[in-house]
């Protein structure tokens with residue numbers, strides 16, 4: 001299974017100022033507005049420049065830097081299988097990725113079922 005880095009989300013004090021920097025320094029272009037900032041792209045990789053509201057920090061000091069990154073995988077079912085078969089506990093993997101254990105269990109539950117079975121059991 002091949003995995004490729006697809007995007008990086010960065011918490012910044014001023015998304016507009018950061019966007020101008022990414023345009024001038026790296027030749028990136030604006031891909032659109034994000035809920036809390038601006039999406040930049042080089043045509044392959046995307047960078048989300050975000051300023052999160054104070055209430056998201058639960059009274060802790062605001063911090064800036066990399067929030068998360070996203071990987072593009074060729075086959076999501078294979079990715080789930082690879083992670084779980086290599087002995088990584090779902091809770092450990094969720095913590096390492098910075099996502100909720102509930103979300104990770106839902107992901108594993110959904111994508112551990114072959115696509116044909118998922119499609120057959122989906123009702124509209």
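What follows draws every value from the coordinates through simple rules; no lab data is involved. Everything numeric here is computed off the predicted structure, so don't read it as measured data. We place every Cβ from the backbone using ideal geometry, glycine too, and count neighbours over all the protein chains shown.
Could you state the number of Å between the C-alpha centres of the range 1-28 and the range 38-61?
The range 38-61 and the range 1-28 have Cα centres separated by 9 Å.
Please give, to one decimal in nm, the separation of the simple spin-label points placed at residue 31 and residue 63, each 7 Å out from Cα toward the Cβ.
2.5 nm
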